[in-house]
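The values are calculated or read from the model by the stated rules, or taken from the named source; none is laboratory data. Small disclaimer: the values here were computed from a predicted structure and weren't measured. Cβ placement follows ideal geometry from the backbone for every residue including glycine, while neighbour counts extend to all protein chains displayed. Each accessible area value is taken on the protein alone, full model and side chains, heavy atoms only, with ligands, DNA and RNA left out. Shrake-Rupley method; radii C 1.70, N 1.55, O 1.52, S 1.80 Å.
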Protein chains: 2
Amino acid sequence: MSGKNEKPSGEGVTAKKAENFSEWYTQAVIKSEFVDYTAVSGCLAFRPSGYFAWESVQKATDALFREEGIMNVYFPLFIPEKFLNKEKEHVKGFNPEVAWVTHTGDSKLDERLAVRPTSETIMYDSFSRWVRSWRDLPMRYNQWNSVVRWEFAHPTPLLRSREFLWNEGHTVFATKQEADAERDVILGIYIKILKEYLALPGVVGKKTDSEKFAGAEATYSIEHILPGGGSVQGPDFHSDGQRFAKAFEIKFLDKNGKMEYAYQNTFAISTRELGVMIAMHGDDKGIILPPNVAMTQVVIIPIYNNDNRDEVLKVARKLAEKLASAFRVYLDDNDAYSPGWKFHAWELKGVPVRVEIGERDIKADKAVVSRRDTGTKHDIKLKELPEEIARLLKEINESLYHKALKFLEASTHHVSTWAELKKVIGENGGFAQGAWCGSAKCEAKIKSELKAKITNMPFDMQDRAEGRKCVICSENDARYIVNIAKSY
Amino acid sequence: MSGKNEKPSGEGVTAKKAENFSEWYTQAVIKSEFVDYTAVSGCLAFRPSGYFAWESVQKATDALFREEGIMNVYFPLFIPEKFLNKEKEHVKGFNPEVAWVTHTGDSKLDERLAVRPTSETIMYDSFSRWVRSWRDLPMRYNQWNSVVRWEFAHPTPLLRSREFLWNEGHTVFATKQEADAERDVILGIYIKILKEYLALPGVVGKKTDSEKFAGAEATYSIEHILPGGGSVQGPDFHSDGQRFAKAFEIKFLDKNGKMEYAYQNTFAISTRELGVMIAMHGDDKGIILPPNVAMTQVVIIPIYNNDNRDEVLKVARKLAEKLASAFRVYLDDNDAYSPGWKFHAWELKGVPVRVEIGERDIKADKAVVSRRDTGTKHDIKLKELPEEIARLLKEINESLYHKALKFLEASTHHVSTWAELKKVIGENGGFAQGAWCGSAKCEAKIKSELKAKITNMPFDMQDRAEGRKCVICSENDARYIVNIAKSY
């Protein structure tokens with residue numbers, strides 16, 4: 001049985017999701033006791049329910065990494081300033097956001113230490129000593145840690161945090177071909193995790209050169225649209241080519257006895273994804289947790305009065321014990337609150353399935369089972385409960401995913417002219433999907449005139465660029481199909 | 001099959017453990033590729049084998065915490081300076097060791113941020129908002145993270161690190177009685193983990209007032225003696241009483257409607273324990289990993305020449321596949337090295353069991369199985385291998401534990417006079433166990449004259465103090481039996 005201490009406070013969300021998404025989101029994520037603000041702006045406390053969701057994502061992803069032969073390591077939190085300066089693009093990308101340690105105790109450090117914004121530089125210094133021969137390759141390492149990027153003037157819980165939790169995969173290969181082959185494997189793992197654990201779809205594609213990771217040769221991403229219409233970047237994968245290998249001297253003796261620079265990739269999924277999950281699935285009653293990341297999957301609410309309390313609780317306890325062998329169950333036997341109060345409180349916290357059981361139910365050998373996502377209620381015979389709940393939990397995940405997928409499709413607007421593009425970005429929000437000539441000038445115009453950007457170039461759309469004109473300049477032949485959106 | 005990339009470098013340990021323990025230790029822990037130095041002094045890179053060992057400890061401990069009803073959370077890496085100042089003793093204990101963030105990007109922060117040396121202050125600020133009523137208690141939270149204490153002028157890998165990984169348990173109770181009852185549960189969990197995963201015994205007892213945790217009312221610890229004779233503090237448990245609750249206003253409405261301050265505990269196990277494990281079990285050939293924390297439990301070394309290579313490798317591969325369903329197995333089929341070279345390389349890395357198989361073995365339907373800890377070799381029929389290896393792995397853990405326990409007993413010297421105490425501390429090293437009157441003056445004399453300290457007051461010895469005189473002043477009646485040692 002889980003959620004021993006997960007007692008709801010019951011203070012509800014007052015904002016409406018459809019009317020004021022941002023206000024609704026922050027109320028929902030905080031009042032559901034998923035995360036909380038702390039005294040350090042932009043740095044959150046993950047409460048048990050929020051951290052459980054992250055641990056679920058972490059464990060499932062980690063198991064898939066391990067199957068692939070990727071091994072976990074841990075590197076220091078601190079990075080010497082001179083390391084960050086070694087790769088030109090990398091330092092330009094991160095320096096403005098770095099938290100600097102300058103003193104320890106009362107002593108000033110000789111060299112400032114960066115609190116890791118990402119670990120390429122400290123890891124690759126070690127890799128340069130560890131990689132000697134082709135026999136040492138591939139070397140596929142990963143770490144789970146927290147990183148700090150002091151980049152948001154107005155942080156939002158999970159979606160725009162200054163400290164966040166993530167995985168950072170760092171892999172080294174002897175050939176470009178092997179390195180490139182890893183891309184679809186890793187993106188496939190992330191797509192699977194998003195779908196099966198967070199019930200989230202996304203648009204998979206390549207970033208433009210101006211939007212790629214600082215130091216990478218190419219970046220691939222999974223992009224989301226939030227209910228408010230803004231886009232959020234999900235998990236990503238970077239092909240680093242030999243750039244870092246050359247900056248950090250990661251060389252190896254190949255099979256022919258020749259020294260060669262290695263090829264590298266990096267990839268990540270972060271706690272921002274939990275924010276996307278909350279934003280996507282929640283409603284005016286609170287958050288809705290997909291069953292595979294819910295600390296409590298089933299809450300049992302006994303319905304009793306002073307006369308039948310002991311009898312009802314006895315049956316409810318037996319039921320809770322029975323269900324706990326297959327699910328994460330919490331029995332709310334708190335006498336201080338009414339069943340109605342408890343219904344609201346657990347809806348706020350997003351528990352996927354509720355089981356009510358009272359005297360009349362017991363007599364009829366049944367219970368009332370409701371779904372958090374749809375609100376539908378059914379009488380279920382007690383002996384059929386385990387099977388029915390297992391079925392329901394599966395169905396809830398699928399149903400949340402398909403609802404989110406329909407929303408994503410409805411939020412994708414095909415545009416053929418600048419006027420259409422401008423209208424979508426200005427009015428509807430969501431993705432404007434159109435053709436692009438590939439010029440930096442046209443990309444810059446999107447930024448300056450629409451305050452939007454190319455989120456990525458969807459993999460499955462690229463065969464449609466041929467024969468079209470660029471939607472921005474309307475002069476040049478199109479080379480890519482791109483999604484354009486305002487960032488959340 | 002694990003250890004896909006765990007290819008040995010084979011550069012052996014040159015120092016002798018019995019002659020120069022410190023030099024042996026650092027060579028063993030680095031050359032075995034367990035951890036590595038980085039450019040940041042005192043901050044390590046945990047390589048796959050080292051991180052696997054930590055993850056094994058973490059997962060096993062976490063499962064026991066969860067059974068107890070303790071839930072995981074995550075709190076910010078940064079702590080505002082004013083928070084650290086709230087509890088007088090706490091700030092005095094930690095301020096000299098704190099790494100301070102003063103700038104982000106090019107901007108100076110209004111208030112310095114401490115990189116967490118421990119999380120009491122940032123957590124308890126949140127707890128003061130989360131705890132309202134007796135219904136919210138007990139609240140038993142834990143986090144796994146890294147902490148930074150800039151305390152060692154001469155860091156040693158794992159044993160004296162400036163950044164280390166640990167758990168920090170933080171629990172809140174309504175009554176002193178409930179809080180106190182948690183002590184033996186948590187110490188019991190740590191003792192179990194030490195024994196079953198790290199094959200380590202330790203001395204469980206209470207710290208003196210001058211050695212307790214900064215801010216606690218009482219500290220309990222598990223103490224080790226290293227082969228060099230120095231002591232190392234293992235996992236600990238702190239009874240905080242109401243001290244932090246009063247500093248951070250953690251109050252609740254009790255069942256009678258009265259506001260009361262809560263009672264708190266904190267507890268931790270850290271990666272220092274991996275250092276104790278390496279120090280205790282290793283030998284002149286390298287490190288010895290207890291089977292439950294070994295990334296590779298069984299290494300298979302095929303013995304072949306040009307004529308029978310394919311045949312031998314075919315059988316070895318089938319064997320590896322079969323064993324991999326029950327154990328973490330690595331087949332070393334690298335043609336570039338001789339079997340003898342591989343034996344040494346895998347001994348250095350501490351893999352508990354080695355299986356050799358060559359043409360003659362195949363004909364006799366057997367393999368040669370050796371133990372890393374004792375070096376003993378036996379012929380085992382192929383079909384009996386899974387059962388025999390399972391038995392051996394269990395036996396190796398028990399055998400390592402009992403060897404370490406015998407060493408601990410042999411390193412504990414009963415002393416009745418100041419001269420005896422002085423002799424033990426000066427010559428033998430290890431624990432000098434004697435009676436103490438409890439005075440601060442006598443405790444201070446140990447520090448000033450012997451450069452040693454009271455490690456703790458062993459629980460199971462306290463009934464022996466009666467009727468004895470203090471071993472330090474030889475005047476006062478003894479109140480406690482204490483262990484005295486020099487720190488490693």
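When B:130, B:134 are screened for being open to solvent by 40 Å² or more (accessible area, probe 1.4 Å) and farther than 30 Å from residue B:274 by Cα, only B:134 passes.
Applying a threshold of 6 Å to beta carbon distances and a minimum spacing of six or more residues, or different chains, the list of pairs starting in the range B:349-378 at a residue that is hydroxyl-bearing (Ser, Thr, Tyr) and ending at one that is open to solvent by less than 40 Å² (accessible area, probe 1.4 Å) reads B:370/B:354. Filtering the range B:163-212 to residues that are in contact (Cβ under 8 Å) with a residue 40 or more places away in the chain, of a type in the set (S, T, N, Q) and either in contact with a Pro (Cβ under 6 Å, 6 or more places away or on another chain) or not in a strand (DSSP E or B) (or both) leaves B:175, B:208, B:210.
Mind checking which residues of the range B:151-170 are within 15 Å of the chain's Cα centre (by Cα) and more than 8 Å from chain A (Cβ to nearest Cβ)? Working first, answer last.
Let us first name the residues in the range B:151-170 that are within 15 Å of the chain's Cα centre (by Cα), namely B:156-161, B:163-168.
Of everything in the range B:151-170, those that are within 15 Å of the chain's Cα centre (by Cα) and more than 8 Å from chain A (Cβ to nearest Cβ) turn out to be B:156, B:157, B:158, B:159, B:160, B:161, B:164, B:166, B:167, B:168.
Which condition does residue A:488 not pass, out of (1) surrounded by fewer than 19 Cβ atoms within 10 Å (Cβ to Cβ); (2) of a type in the set (Phe, Trp, Tyr); (3) touching a Gly at 6+ places or on another chain (Cβ under 7 Å), if it passes all the others? If we test residue A:488 against (1) surrounded by fewer than 19 Cβ atoms within 10 Å (Cβ to Cβ); (2) of a type in the set (Phe, Trp, Tyr); (3) touching a Gly at 6+ places or on another chain (Cβ under 7 Å), just (1) comes out false.
The residue of the range A:444-474 that is most open to solvent (accessible area, probe 1.4 Å), among those that are part of a helix (DSSP H, G or I) and of a type in the set (S, T, N, Q), is A:448.
For the range B:35-44, taking the residues that are assigned to a loop (DSSP other than H, G, I, E, B) and either aliphatic (A, V, I, L, M) or without any contact (Cβ under 8 Å) to a residue 24 or more places away in the chain (or both), the one that is surrounded by the most Cβ atoms within 10 Å (Cβ to Cβ) is identified as B:44.
Could you check, for the range A:391-400, whether at least one of its residues is touching a residue at least 12 places away in the same chain (Cβ under 8 Å), outside any helix (DSSP H, G or I) and surrounded by 12 or more Cβ atoms within 10 Å (Cβ to Cβ)? Checked the range A:391-400: no residue is touching a residue at least 12 places away in the same chain (Cβ under 8 Å), outside any helix (DSSP H, G or I) and surrounded by 12 or more Cβ atoms within 10 Å (Cβ to Cβ). Condition (residue is closer than 25 Å to residue B:48 by Cβ, assigned to a helix (DSSP H, G or I) and either away from chain A (no Cβ under 14 Å) or within 26 Å of the chain's Cα centre (by Cα) (or both)) applied to the range B:348-358: is it met by at least one residue? Scanning the range B:348-358 turns up at least one residue that is closer than 25 Å to residue B:48 by Cβ, assigned to a helix (DSSP H, G or I) and either away from chain A (no Cβ under 14 Å) or within 26 Å of the chain's Cα centre (by Cα) (or both). Among the residues of the range B:114-140, write down those that are more than 25 Å from residue B:258 (Cβ to Cβ), at the interface with another protein chain (Cβ under 7 Å from one of its Cβ atoms) and either over 27 Å from the mean Cα position of the chain (by Cα) or not in a helix (DSSP H, G or I) (or both). Hit for the range B:114-140 is B:115, nothing else. If the condition is being closer than 14 Å to residue A:197 by Cβ and more than 19 Å from the chain's Cα centre (by Cα), then the range A:278-300 contributes only A:297. Could you grab me the full set of residues in the range B:92-111 that are at pLDDT below 95, at the interface with another protein chain (Cβ under 8 Å from one of its Cβ atoms) and open to solvent by 40 Å² or more (accessible area, probe 1.4 Å)? Hits for the range B:92-111 are B:95, B:96, B:106. Within the range A:141-150, being assigned to a strand (DSSP E or B) and either in contact with a His (Cβ under 9 Å, 6 or more places away or on another chain) or at the interface with another protein chain (Cβ under 9 Å from one of its Cβ atoms) (or both) holds for A:141, A:142, A:143, A:145, A:146, A:148.
Does residue A:32 fit the bill of being more than 12 Å from every other protein chain (Cβ to nearest Cβ), buried (at least 17 other Cβ atoms within 10 Å of the Cβ) and either under 27 Å from residue B:53 (Cβ atoms) or of a type in the set (Ser, Thr, Tyr) (or both)? So residue A:32 fits the description; yes.
Considering the conditions (1) surrounded by fewer than 20 Cβ atoms within 10 Å (Cβ to Cβ); (2) closer than 18 Å to residue A:276 by Cβ, residue A:159 is excluded by exactly one of them, (1).
Contact map, the range B:45-56: first residue within 8 Å of chain A (Cβ to nearest Cβ), second residue open to solvent by less than 10 Å² (accessible area, probe 1.4 Å) and at pLDDT below 95, Cβ cut-off under 9 Å, separation 6 or more or different chains; pairs are B:48/B:3; B:52/B:3. For residue A:229, state whether it is touching a residue at least 24 places away in the same chain (Cβ under 8 Å), surrounded by 20 or more Cβ atoms within 10 Å (Cβ to Cβ) and in contact with a strand residue (DSSP E or B) (Cβ under 9 Å, 6 or more places away or on another chain). Judged against the criteria, residue A:229 is not a match.
The lone criterion from (1) in contact with a strand residue (DSSP E or B) (Cβ under 7 Å, 6 or more places away or on another chain); (2) open to solvent by 10 Å² or more (accessible area, probe 1.4 Å) left unmet by residue B:208 is number (2).
Taking residue B:13 as the residue in question, decide whether it is part of a loop (DSSP other than H, G, I, E, B), touching a residue at least 12 places away in the same chain (Cβ under 8 Å) and either closer than 23 Å to residue B:248 by Cβ or touching a Ser or Thr at 6+ places or on another chain (Cβ under 9 Å) (or both). Considered against the rule, which asks whether it is part of a loop (DSSP other than H, G, I, E, B), touching a residue at least 12 places away in the same chain (Cβ under 8 Å) and either closer than 23 Å to residue B:248 by Cβ or touching a Ser or Thr at 6+ places or on another chain (Cβ under 9 Å) (or both), residue B:13 comes out as yes. Can you give me the number of residues within the range B:378-390 that are surrounded by fewer than 13 Cβ atoms within 10 Å (Cβ to Cβ), part of a helix (DSSP H, G or I) and among the acidic types (Asp, Glu)? Selection size over the range B:378-390: 1. For the range B:59-91, the set of residues classified as facing chain A (nearest Cβ under 9 Å), part of a helix (DSSP H, G or I) and not hydrophobic (A, V, I, L, M, F, W, C) consists of B:66, B:82, listed by residue number.
Is one or more of the residues making up the range B:172-180 at pLDDT 95 or above, farther than 25 Å from residue A:100 by Cβ and within 11 Å of chain A (Cβ to nearest Cβ)? Yes: one or more hits. For the range A:171-195, the candidate set comprises residues that are open to solvent by less than 10 Å² (accessible area, probe 1.4 Å) and under 18 Å from the mean Cα position of the chain (by Cα); within that set, the residue that is nearest to residue A:136 (Cα to Cα) is A:186. In the set (1) hydrophobic (A, V, I, L, M, F, W, C); (2) within 14 Å of chain A (Cβ to nearest Cβ); (3) more than 30 Å from residue B:161 (Cβ to Cβ), residue B:295 fails one condition alone, (3). Selection over the range B:110-139 of residues that are farther than 23 Å from residue A:35 by Cβ and in contact with a strand residue (DSSP E or B) (Cβ under 8 Å, 6 or more places away or on another chain) gives a count of 3.
Looking only at the range B:401-414, residues that are assigned to a strand (DSSP E or B) and crowded, with 19+ Cβ neighbours inside 10 Å come to 1 in all.
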